[in-house]
Amino acid sequence: MEIVSYLVYLIASICFIFGIKKLSSPKTARQGNQLAALGMLLAIIVTLFDQRVLTFEYIILGIVIGSLIGAVFALKVQMTGMPQMVGLLNGFGGGASVLVGFAEYDRIFVTPTIMFDEPTTISIVLSLLIGSITFTGSLIAFGKLQGIVTGKVVKYPLQHPLNALLLVAVFAAGVFVVIQPYEIEIIIGIIGVSLLLGVLLVLPIGGADMPVAISLLNSYSGLAASMTGFVLNNKMLIIAGALVGASGIILTIIMCKGMNRSLMNVVLGGWASAGAEGPAADSKAHKGTAKAIDSEELAMLLDSVSSVVIVPGYGMAVGQAQHAVRDLMNVLEKKNIKVRFAIHPVAGRMPGHMNVLLAEAQVPYDKLLAMEDINDDFPNTDVVIVIGANDVVNPAARHDQSSPIYGMPILNVDYAKTVIINKRSLNVGYAGIDNELFFYPNALMYFGDSKEAMSKLVSEIKAL
Amino acid sequence: MDIYGLLMLVYVFVLAIFVGFELITKVPPTLHTPLMSGSNAISGITVVGALLSAGAGELTISTILGIVAIVFAMINVVGGFLVTDRMLKMFKKK
């Protein structure tokens with residue numbers, strides 16, 4: 001039987017690998033996800049036949065409760081709430097790793113016939129550490145995205161020394177436990193301090209840095225699963241966890257590059273310290289005046305153009321404007337205007353956030369272009385419509401060396417003939433700096449809530 | 001587990017990370033959110049460990065923790081795969 005389960009675990013690992021491979025194209029992606037789910041099902045079924053599994057009633061109870069909660073989450077969540085959802089799921093994954101790690105410790109602890117060996121104890125300590133940080137860190141990230149915990153950069157006294165001290169303490173305790181494995185209080189202490197670390201590490205990270213935080217936590221949840229694999233001497237867990245860990249790390253790197261910041265800088269909550277305390281007080285003192293345009297004028301302007309690029313940002317998600325944006329695309333296309341979307345890598349609150357929202361609104365994915373694919377096209381574009389994005393279109397990133405966002409890759413929307421910016425006000429974006437784009441001669445402000453503003457524009461165009 | 005057993009697992013871990021890097025770099029940005037939620041579901045593989053803990057017979061601290069871990073991991077697994085499927089259903093070409 002053991003041979004069968006080894007082979008099935010191998011098959012499940014292959015399902016995970018091919019499942020992720022199929023995510024390389026939207027055409028095969030759904031199949032890939034189902035393949036990975038099949039691998040999971042096989043792994044669960046074969047484990048139920050394991051000789052160590054003696055009773056089933058509690059297992060079935062756990063599976064039913066967990067599946068029901070998971071299904072309700074998955075079916076109820078709105079697409080705009082996807083970052084929170086992923087954050088929350090991450091947390092449960094990390095929490096499961098802690099529980100399994102501690103359960104395994106306790107099993108060896110109370111069973112006189114088995115002894116602790118060093119590799120197992122090391123693995124237990126690591127799975128408790130990473131799992132705990134993932135658990136509380138993800139819950140804080142969820143709270144920030146959901147608006148329960150402040151989305152601002154939170155600073156507390158002695159932040160860095162405190163975190164460093166706690167981390168050193170956990171490692172010291174870990175070394176101690178490897179030498180003296182029967183000190184259960186130390187193990188509980190490691191869990192406690194790691195849970196605290198998760199809170200302290202994610203709390204300082206500001207709202208718009210969440211793409212990085214969520215990606216990193218995603219990676220941790222994978223590593224936690226891998227560590228559980230080390231504890232249980234199960235290679236499938238190690239492989240599956242490593243795949244997820246690699247995925248999270250790659251997304252983290254992409255997100256950091258998209259902001260031209262180092263991982264350290266994001267994790268330490270550095271950037272936004274300049275202005276995230278609130279909109280700069282002197283934001284009225286500009287070198288020019290921003291020109292505003294109303295929906296009627298904008299409709300007339302759009303009537304005579306041939307190409308439009310729409311740049312969505314977090315404001316579109318907040319305003320739930322994706323369907324109104326799709327309507328705008330449709331009326332423009334009816335007038336034979338070429339409409340495309342430009343997606344900045346860090347637009348929104350998680351990697352690919354905008355793409356999912358627009359897919360929900362049935363915008364074909366081949367109209368969504370990544371920054372590097374569209375940036376050279378802006379000079380040939382008649383009108384760019386920026387909806388709820390700010391820092392990612394700020395030209396200061398290209399030339400103003402004193403700007404905190406200097407060097408960040410941006411969408412060169414200012415090269416287009418006309419740039420329309422839909423925003424609720426002239427306030428600063430996440431980086432806490434003014435956007436000089438608003439005062440460019442080819443820029444026009446179209447004020448209003450994104451959904452209302454787009455719907456109004458659509459009816460004006462229809463009325464022409 | 002002895003040190004050689006541990007090294008064997010480290011081998012598997014390191015090689016799997018390389019496979020992961022190769023696979024993930026080929027995922028287009030438009031699918032990054034489903035990639036996250038889908039890979040998230042895969043990390044719920046800890047459920048295997050939870051099943052072993054929870055099924056050990058009489059109710060001990062270890063089995064109770066295992067049952068809670070099953071609930072956590074299954075939320076992760078079912079929620080992750082279902083929500084990913086929901087998203088991927090929406091990705092359509094013109």
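The values are calculated or read from the model by the stated rules, or taken from the named source; none is laboratory data. The model shown is predicted, which means the values in this text are computed figures rather than measured ones. Note that we place each Cβ from the backbone using ideal geometry, even for glycine, and neighbour counts take in every protein chain shown. Just the protein is used for accessible areas: all its heavy atoms, side chains included, with ligands, DNA and RNA removed. Shrake-Rupley method; radii C 1.70, N 1.55, O 1.52, S 1.80 Å.
Would you confirm, using the coordinates I've provided, whether residue A:370 is surrounded by fewer than 17 Cβ atoms within 10 Å (Cβ to Cβ), closer than 26 Å to residue A:84 by Cβ and touching a helix residue (DSSP H, G or I) at 6+ places or on another chain (Cβ under 6 Å)? So residue A:370 passes the test.
Looking only at residues in region A:167-195 that are under 28 Å from the mean Cα position of the chain (by Cα) and among the small types (Gly, Ala, Ser), the one that is surrounded by the most Cβ atoms within 10 Å (Cβ to Cβ) is A:194. For residue A:280, the conditions (1) hydrophobic (A, V, I, L, M, F, W, C); (2) at pLDDT 90 or above; (3) outside the structural domain of residue A:441 (by TED's automatic domain parsing) all hold with the exception of (2).
The residues of region A:296-309 that are farther than 21 Å from residue A:347 by Cβ and open to solvent by 10 Å² or more (accessible area, probe 1.4 Å), listed by number, are A:296, A:297, A:300, A:301, A:303, A:304, A:305, A:306.
Here's a check for you: in region B:1-22, which residue that is open to solvent by 60 Å² or more (accessible area, probe 1.4 Å) and among the aliphatic types (A, V, I, L, M) is nearest to residue A:22 (Cα to Cα)? My answer is B:15. Residue A:141 fulfils the conditions (1) without any contact (Cβ under 8 Å) to a residue 12 or more places away in the chain; (2) away from chain B (no Cβ under 11 Å); (3) within 27 Å of residue B:70 (Cα to Cα) except for a single criterion, (1).
Given the condition surrounded by 17 or more Cβ atoms within 10 Å (Cβ to Cβ), of a type in the set (Val, Ile, Thr) and away from chain B (no Cβ under 14 Å), answer yes or no: does some residue in region A:200-220 qualify?
Yes, that holds for at least one residue.
Here A:312, A:351 are screened, and the one residue that is farther than 14 Å from residue A:412 by Cβ, buried (at least 24 other Cβ atoms within 10 Å of the Cβ) and at pLDDT 95 or above is A:312.
Taking the condition at pLDDT 95 or above, of a type outside the set (D, E, K, R) and open to solvent by 10 Å² or more (accessible area, probe 1.4 Å), does residue B:48 pass? Spell out the reasoning first.
Values: at pLDDT 95 or above: yes; of a type outside the set (D, E, K, R): yes; open to solvent by 10 Å² or more (accessible area, probe 1.4 Å): no.
The answer is no for residue B:48.
Within region A:111-148, the set of residues being in a loop (DSSP other than H, G, I, E, B) and hydroxyl-bearing (Ser, Thr, Tyr) comprises A:111, A:113.
Annotation note: of A:241, A:189, the sole residue that is away from every other protein chain (no Cβ under 13 Å), assigned to a helix (DSSP H, G or I) and at pLDDT 95 or above is A:189. Buried (at least 24 other Cβ atoms within 10 Å of the Cβ) and either modelled with pLDDT of 95 or more or closer than 23 Å to residue A:215 by Cβ (or both): does that describe residue A:72? Spelling it out, it is not the case that residue A:72 is buried (at least 24 other Cβ atoms within 10 Å of the Cβ) and either modelled with pLDDT of 95 or more or closer than 23 Å to residue A:215 by Cβ (or both). Taken over region B:34-59, the residue count meeting the criterion of being part of a loop (DSSP other than H, G, I, E, B) and either among the aliphatic types (A, V, I, L, M) or more than 7 Å from chain A (Cβ to nearest Cβ) (or both) is 3. Check region B:16-24 and report whether any residue there is of a type in the set (Asp, Glu) and part of a helix (DSSP H, G or I). Looking for residues that are of a type in the set (Asp, Glu) and part of a helix (DSSP H, G or I), one finds at least one in region B:16-24, hence yes. Inside region A:376-420, residues that are touching a strand residue (DSSP E or B) at 6+ places or on another chain (Cβ under 9 Å), assigned to a loop (DSSP other than H, G, I, E, B) and aliphatic (A, V, I, L, M) make up a count of 3. Among the criteria (1) at the interface with chain B (Cβ under 7 Å from one of its Cβ atoms); (2) closer than 27 Å to residue A:214 by Cα; (3) open to solvent by less than 10 Å² (accessible area, probe 1.4 Å), the one residue A:47 does not fulfil is (2).
Out of all the residues in region A:148-166, which are of a type outside the set (Phe, Trp, Tyr) and either under 30 Å from residue A:318 (Cβ atoms) or buried (at least 17 other Cβ atoms within 10 Å of the Cβ) (or both)?
Within region A:148-166, the first condition is being of a type outside the set (Phe, Trp, Tyr), and the residues that meet it are A:148-155, A:157-166.
The answer is A:148, A:149, A:150, A:151, A:152, A:153, A:154, A:155, A:159, A:163.
Search region A:373-392 for residues being among the hydrophobic types (A, V, I, L, M, F, W, C) and at pLDDT 95 or above, and hand back the single one that is farthest from residue A:209 (Cα to Cα). If we take residues in region A:373-392 being among the hydrophobic types (A, V, I, L, M, F, W, C) and at pLDDT 95 or above, then A:383 is farthest from residue A:209 (Cα to Cα). Filter region A:232-258 down to the residues that are among the aliphatic types (A, V, I, L, M) and open to solvent by 10 Å² or more (accessible area, probe 1.4 Å), then identify the one that is farthest from residue A:398 (Cα to Cα). Filtering first and then ranking leaves A:232.
Looking only at region A:421-461, how many residues end up being modelled with pLDDT of 90 or more, of a type in the set (Ser, Thr, Tyr) and not in a helix (DSSP H, G or I)? Residues flagged as modelled with pLDDT of 90 or more, of a type in the set (Ser, Thr, Tyr) and not in a helix (DSSP H, G or I) within region A:421-461 amount to 2.
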